[in-house]
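Each value in this text was obtained by applying a stated rule to the coordinates, not by laboratory testing. The shown structure was predicted, so the numbers you read here are calculated from the model rather than taken from an experiment. FYI the Cβ positions are ideal-geometry reconstructions off the backbone, even for glycines, and counts take in every protein chain you see.
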Amino acid sequence: MSTGTNRQFNEYAEIYDELFSAAMDYEKEVEFYDSILSKNKCKRILEVGCGCGHRGKFFINKSYDYTGLDISGGMLRIARRKYPEIRFIQGDVRKLSLNEKFDAIIFVGVGSAYLITDDDVMSALKSMKKLVSRGVIIIDGFDADFIIPNFKKNISWSKKIGNRTITRKSMNKLNPKYHNSWDRKLTYIVKDEGEKEKKYTDSALLRAFSGKELKKLFAIAGIAITHIKHSGDTVIAIGKI
């Protein structure tokens, strides 16, 4: 996994959740996954990298038997507080040891970006494969075919939420030691009206994947790729067991 501290998913989970809850359209994401899952008659699903659990709410609303998994205790505390009716478990996707089977596993968001080496990826794929019987595995990650040619050293965006403005700044530098990877220094700036701003920093090593890489890695793991979808800076690989 990433050699960075990745503290945002523990110490700064509340800030992360507040910002992305306002910025993301989780319902639209679930609509996309539902179009794949329903076509493959999948009902029992595991979401890897579920974070604060927001997609889970929409999967449950569509009558899926849903379980969310994340490595971050900080994220899961928020998920369990917000959605006490949903099952969430903590674990590392590279070494899952659940004694159960799912129709589909979805590895969403930026979670796959922390699988830096091919060994990390293979461990994750083999671990997920053991939990799926005649079903679907979906990985949604950063697209190297887009990100590397259009690499941005500095990215900044803000969101106003009530009387609070949260700004997220990242300073990025390509890391030649690892394929399609970069070091990211992240700063959250929280400014409440009439108050001094607060800053939170974090650093991590991240990886992107080309469609060609994902096809190769899935094949080595014995998972047949049925579709690769490119959308902006993300690539989605759909495999079938």
Highest average packing first - 36-43, 210-217, Cβ atoms within 10 Å: 210-217, 36-43
Unit charges on C-beta of K, R, D, E only; dipole of region 57-204, Debye: 460 debye
Rel. contact order, % - alpha carbon contacts under 8 angstrom, at least six apart, the chain: 19 percent
Cα-based equivalent ellipsoid, region 103-147: semi-axes from gyration tensor eigenvalues, Å: 20, 13, 8
Ellipticity estimate at 222 nm from DSSP helix runs (n ≥ 4, -39,500 (n - 2.57)) divided over the chain, nearest 500: -8500 deg cm²/dmol
In nm, spacing of pseudo-spin labels at residue 240 and residue 165 (7 Å Cα→C-beta vector): 5.0 nm
Gap separating the Cα centres of region 10-39 and region 207-227, nearest whole Å: 24 Å
Stokes-Einstein D (µm²/s) once Rh is taken as the Kirkwood radius of region 1-129 over alpha-carbon pairs, at 37 °C in 0.692 mPa s: 218 µm²/s
Convex hull volume per residue in cubic angstrom - Cα atoms of region 153-241: 136 Å³
Virtual spin-label span in nm between residue 154 and residue 40, 7 Å along Cα→Cβ: 4.2 nm
Rg in Å to one decimal, and Dmax rounded to a whole Å, for the chain via C-alpha atoms: 17.7, 57
Label point distance in nm, residue 117-residue 179, each placed 7 Å from Cα along Cα→Cβ: 1.4 nm
